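What follows is a single structure, written as structure tokens, with notes after it.
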């Protein structure tokens with residue numbers, strides 16, 4: 001079975017690229033082969049932090065998107081990871097619908113999983129509803145509550161959309177908050193999460209001893225959450 005992981009959320013700033021980076025590092029640290037595709041034309045995170053594993057994809061060109069499926073079917077043991085930029089849901093939906101990909105996926109031996117990354121606001125809940133309305137049971141979902149973008153998800157809990165997603169067998173995970181200063185340093189030096197846990201002498205980022213320890217703890221928690229999904 002070939003696995004395609006679509007990391008989206010439609011709204012800018014919710015942490016889609018952060019989750020894509022976490023998945024990339026998870027695959028690397030667990031010796032899981034993968035190939036990344038980055039749809040952000042201006043500052044793609046996978047291309048920036050994991051250039052050796054990623055290629056650009058043009059979301060409004062069908063032949064470019066077709067390459068994602070080709071890559072997955074060519075080597076079923078290799079995960080395919082797609083970092084979706086903001087405002088890409090409609091062209092992605094058009095491509096999937098016109099290609100009849102959700103219905104074709106079982107025949108091709110494809111397992112398509114959509115990671116819906118959310119902040120704590122109303123917009124993310126509305127976008128989750130739109131996603132479920134569009135695909136219903138045709139996709140496999142992971143609902144990612146990104147606590148770096150808010151820790152109170154009461155709006156989601158009261159909306160009924162979480163229960164709706166779970167009724168469609170969605171997994172629900174939480175990415176815990178990391179100290180903002182540490183994340184800023186990681187991004188400023190364009191370092192992978194692995195490098196952020198290492199000393200400078202070992203090729204790591206310019207983080208202090210305790211900052212590195214906090215990153216290690218945060219990364220372990222994130223891996224535990226991701227591992228529950230068995231990506």
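The values are calculated or read from the model by the stated rules, or taken from the named source; none is laboratory data. All values reported here derive from a predicted model rather than from experimental measurement. No Cβ is skipped: glycine too gets one built from the backbone with ideal geometry, and neighbour counts run over all protein chains shown.
Select from the stretch 174-191 the residues that are surrounded by 18 or more Cβ atoms within 10 Å (Cβ to Cβ), touching a residue at least 60 places away in the same chain (Cβ under 8 Å) and part of a loop (DSSP other than H, G, I, E, B) and list them in ascending order.
Hit for the stretch 174-191 is 191, nothing else.
Could you please find all residues in the stretch 1-24 being surrounded by fewer than 23 Cβ atoms within 10 Å (Cβ to Cβ), at pLDDT 95 or above and closer than 20 Å to residue 219 by Cα?
22
I'm told residue 129 meets every condition in (1) over 21 Å from the mean Cα position of the chain (by Cα); (2) closer than 25 Å to residue 12 by Cβ; (3) surrounded by fewer than 16 Cβ atoms within 10 Å (Cβ to Cβ); (4) at pLDDT 95 or above except one. Can you identify the failing condition by its number?
All conditions are met except number (1).
What helices (runs of 4 or more DSSP H) lie completely within the stretch 79-166 and have 2 or more residues being under 22 Å from residue 63 (Cα atoms)? Talk me through it step by step, then tell me what you get.
On the way: elements: 89-98, 101-108, 122-135, 154-159.
Of the helices (runs of 4 or more DSSP H) lying wholly inside the stretch 79-166, those with at least 2 residues that are under 22 Å from residue 63 (Cα atoms) span 89-98, 101-108.
Suppose we filter the stretch 192-216 for residues that are surrounded by 12 or more Cβ atoms within 10 Å (Cβ to Cβ) and either more than 20 Å from residue 49 (Cβ to Cβ) or without any contact (Cβ under 8 Å) to a residue 40 or more places away in the chain (or both); how many remain?
Looking only at that region, the number is 15.
If I ask for residues that are farther than 27 Å from residue 193 by Cα, touching a helix residue (DSSP H, G or I) at 6+ places or on another chain (Cβ under 8 Å) and assigned to a loop (DSSP other than H, G, I, E, B), which ones from the stretch 41-71 would you list?
Across the stretch 41-71, the qualifying residue is only 60.
Residues checked against (1) in contact with a helix residue (DSSP H, G or I) (Cβ under 7 Å, 6 or more places away or on another chain); (2) over 26 Å from residue 53 (Cα atoms):
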residue	(1), (2)
87	no, no
122	yes, yes
140	no, no
143	yes, no
149	no, yes
168	yes, yes
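Restricted to the stretch 45-56, and to residues that are without any contact (Cβ under 8 Å) to a residue 60 or more places away in the chain and surrounded by 22 or more Cβ atoms within 10 Å (Cβ to Cβ), which residue is farthest from the chain's Cα centre (by Cα)?
Result: 54.
Take the residues of the stretch 132-146 that are modelled with pLDDT under 95 and either touching a strand residue (DSSP E or B) at 6+ places or on another chain (Cβ under 8 Å) or closer than 22 Å to residue 17 by Cβ (or both): which is surrounded by the fewest Cβ atoms within 10 Å (Cβ to Cβ)?
If we take residues in the stretch 132-146 being modelled with pLDDT under 95 and either touching a strand residue (DSSP E or B) at 6+ places or on another chain (Cβ under 8 Å) or closer than 22 Å to residue 17 by Cβ (or both), then 135 is surrounded by the fewest Cβ atoms within 10 Å (Cβ to Cβ).
Could you grab me the full set of residues in the stretch 29-40 that are more than 16 Å from residue 190 (Cβ to Cβ) and not in a loop (DSSP other than H, G, I, E, B)?
29, 34, 35, 37
Is there a residue being free of Cβ contacts under 8 Å to residues at least 60 places away in the same chain, on the phi > 0 side of the Ramachandran plot and surrounded by fewer than 21 Cβ atoms within 10 Å (Cβ to Cβ) anywhere in the stretch 85-102?
Yes; the residues of the stretch 85-102 include at least one that is free of Cβ contacts under 8 Å to residues at least 60 places away in the same chain, on the phi > 0 side of the Ramachandran plot and surrounded by fewer than 21 Cβ atoms within 10 Å (Cβ to Cβ).
Under 6 Å by Cβ, and 6 or more places apart or on different chains, what pairs join a residue from the stretch 2-13 that is at positive phi with one that is not in a loop (DSSP other than H, G, I, E, B)?
Pairs found: 9/16; 9/116; 9/117; 10/89; 10/127.
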